[in-house]
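Asker: Dropping a structure here in C-alpha cells format, bear with me for questions.
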Amino acid sequence: YTDARPLMLWFFAEKPANEDGETTVCDGAQVYEALSQESKDLLAKHKLKYTRRYLDGEWQLIYQTQDLDEAVKFCTGNGITARVEDGRTLVTEYTHPAVITSRWNGHKVYINNILPVVWQEQMGRKTSIVRLDDGSPIPKSLIDEVVKAQEKLIIPLPWKKGDFAVLDNTRALHGRRAFKDTDREIFLRMVREPAF
C-alpha cells in the first residue's frame, strides 16, 4: 500500500509449523488471463482505492513512530493520502491499479490485495476497505472470477527447515495457510531494488 513496493521477496524457513502453515504463491499473469474480458475492461478503466483507519496504538506499530506528524509525513511522501480524525486516528487512502506490468518480461499481471480486504470487511472489520476509484464496491462477479482462478492456480510451499524461496513481487501473489503452531518462524525480507 505504498509507491515504494519491494520488487522481490525472500522467504526463509527457520522453523516450519508442525502442520499446515504453507506459504501459497500464484502467478498473477495467469490470474489476469483467466479473467473475463468484462473484468479486464473494468480493471483497465478503474484503479483500486484502499482506505484504512489506524486507531491510536495501531499506527505506531505500522509506521514505527510515536509521532503522528511523522506517520502522516511518511504517507504523503509515498503516494498515500493521510488525515487525522478524532485527534489520534490516522486515516489513509491509497489508489493503485489492480493490474500492472511485470518488471521482467512485461506481462500484464493481476496483483493486488482485493481478496483479503474484501473478506475482512465481510467479517465485519470496517477499518480496512477497498473500492473502485469512483467509490463503488468491487463487483461480486470479479471477486468470484479471481477466487475461481486462484483455486486452480495456487501452489502451496510446504516448508522444511532451511528452505528458502524468492518471489518476483511484480508478478507473484502470495499468502499463507492457517496454522496453530505458535513457534513457526518463516522470515521475510523485502528487496526494493535487486542488482539485476
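The values are calculated or read from the model by the stated rules, or taken from the named source; none is laboratory data. On a predicted model such as this, the values are computed, not experimentally measured, just so you know. Heads up, the Cβs are rebuilt from the backbone with ideal geometry, glycines too, and the neighbour counts pull from every protein chain shown. SASA here: full protein model, heavy atoms, side chains in, ligands and nucleic acids out. Shrake-Rupley method; radii C 1.70, N 1.55, O 1.52, S 1.80 Å.
Asker: For the chain, what does the helix formula give at 222 nm: sum of -39500 (n - 2.57) over DSSP H segments with n ≥ 4, over the residue count, nearest 500 deg cm²/dmol? Spell out each step's value before the answer.
Answerer: Numbers: 6 runs with 53 residues, N = 196.
Helix-only estimate at 222 nm: -7500 deg cm²/dmol.
Asker: To continue, here is another question. Of Lys49/Lys160; Lys108/Lys160; Lys152/Lys180; Lys126/Lys161; Lys140/Lys180, which pairs sit farther than 29 Å apart, going by alpha carbon to alpha carbon? Before the final figure, lay out each step's value.
Answerer: Working: Lys49/Lys160 37 Å; Lys108/Lys160 33 Å; Lys152/Lys180 25 Å; Lys126/Lys161 37 Å; Lys140/Lys180 31 Å.
Pairs exceeding 29 Å: Lys49/Lys160; Lys108/Lys160; Lys126/Lys161; Lys140/Lys180.
Asker: Still on this model: For the chain, modelled as a GNM with alpha-carbon contacts under 10 angstrom, which of Gly28, Gly77, Gly87 fluctuates the most?
Answerer: Its mean-square fluctuation being the largest, the pick is Gly87.
Asker: Test of understanding: what is the full-extension gain from Phe187 to Trp10, defined as 0.36 nm times their sequence separation minus their Cα-Cα distance?
Answerer: Working: separation 177, 0.36 × 177 = 63.72 nm, distance 0.81 nm.
Fully extending the segment from Phe187 to Trp10 adds 62.9 nm.
Asker: To continue, here is another question. Averaging over all projection directions, find the projected area of the Cα convex hull of the stretch 1-136 and quote it in nm² with one decimal place.
Answerer: Numbers: hull surface 43.9 nm².
With every direction weighted equally, the projected area is 11.0 nm².
Asker: Cα-based Rg (one decimal) and Dmax (whole number) for the stretch 5-60, in Å?
Answerer: Looking at the stretch 5-60, its Cα Rg and Dmax stand at 17.8, 45 Å.
Asker: What FRET efficiency do you get for Asp56 and Arg125 if R0 is 22 Å and r is their Cβ-Cβ distance, rounded to the nearest 0.05? Write down the numbers at each step before the final one.
Answerer: Numbers: r = 17 Å, r/R0 = 0.79.
In this case the efficiency is close to 0.80.
Asker: Right, next: Could the peptides 44-54, 184-194 be put in order, highest first, of the mean number of other beta-carbon atoms found within 10 Å of their residues? Kindly include the intermediate steps, with their values, before the conclusion.
Answerer: Working: 44-54: 16.8, 184-194: 12.9.
So the peptides 44-54, 184-194, ranked by packing, come out 44-54, 184-194.
Asker: When the chain is treated as a GNM, springs tying every alpha-carbon pair under 10 Å, which of Asn18, Asn169, Asn112 comes out with the largest mean-square fluctuation?
Answerer: Highest fluctuation among the options: Asn18.
Asker: Place a +1 charge on the Cβ of each Lys and Arg in the chain and a -1 charge on the Cβ of each Asp and Glu, then give the dipole magnitude about the Cα centre in debye, rounded to the nearest 20. Please report the intermediate quantities before stating the final value.
Answerer: Values: 28 positive and 29 negative charges, 51 e Å.
Around 240 debye, computed over the chain.
Asker: As a test of reading the structure, rank Phe11, Phe179, Phe74 by solvent-accessible area (1.4 Å probe, protein chains only), most first.
Answerer: Working: Phe11 20, Phe179 65, Phe74 100 Å².
I get Phe74, Phe179, Phe11, largest accessible area first.
Asker: What list of ³J(HN,Hα) couplings, whole Hz, do you get for the stretch 99-104 from phi and the Karplus terms 6.51, -1.76, 1.60, once you set θ to phi - 60° and write x for glycine and proline?
Answerer: Once θ is set to phi - 60°, the couplings for the stretch 99-104 become 10, 10, 9, 5, 5, 9 Hz.
Asker: Which percent of the accessible area of the stretch 1-103 is formed by carbon and sulfur heavy atoms (probe 1.4 angstrom)?
Answerer: Numbers: 2620 of 5480 Å².
Reported share for carbon and sulfur atoms: 48 percent.
Asker: Right, something else. Please calculate how many Å² of accessible area the stretch 1-52 carries per residue, with a 1.4 Å probe and no DNA, RNA or ligand atoms counted. Write out the running numbers ahead of the final one.
Answerer: On the way: 2570 Å² over 52 residues.
Per-residue accessible area for the stretch 1-52 comes out at 49 Å².
Asker: Give me the accessible area of Asp20, 1.4 Å probe, in Å² rounded to the nearest 10.
Answerer: Its accessible surface works out to 100 Å², give or take rounding.
Asker: Express the accessible area of the stretch 65-191 per residue in Å², computed with a 1.4 Å probe while the remaining protein chains stay in the model. Display every interim value, and only then the final one.
Answerer: Numbers: 7700 Å² over 127 residues.
Accessible area per residue: 61 Å².
Asker: Just by accessible area at a 1.4 angstrom probe, what is the order of Thr182, Thr81, Thr95, Thr89 from largest to smallest? Could the numbers behind the result be given before it?
Answerer: Numbers: Thr182 130, Thr81 90, Thr95 60, Thr89 15 Å².
Order by accessible area, largest first: Thr182, Thr81, Thr95, Thr89.
Asker: If you don't mind, another one. Among 120-131, 99-110, how do they line up by average Cβ neighbours within 10 Å per residue, starting with the highest? Don't skip to the end; give the middle numbers.
Answerer: Numbers: 120-131: 13.7, 99-110: 16.5.
Taking the mean over residues of other Cβ atoms within 10 Å, the ranking is 99-110, 120-131.
Asker: Let me ask something additional. Can you give the Kirkwood hydrodynamic radius of the stretch 76-196 from its Cα pairs, in Å with one decimal? Present the calculation step by step, with values, prior to reporting the outcome.
Answerer: Working: mean 1/r = 0.0566 Å⁻¹.
It works out to 17.7 Å.
Asker: Can you pull the accessible area of Ser136 for me, 1.4 Å probe, Å² to the nearest 10?
Answerer: 40
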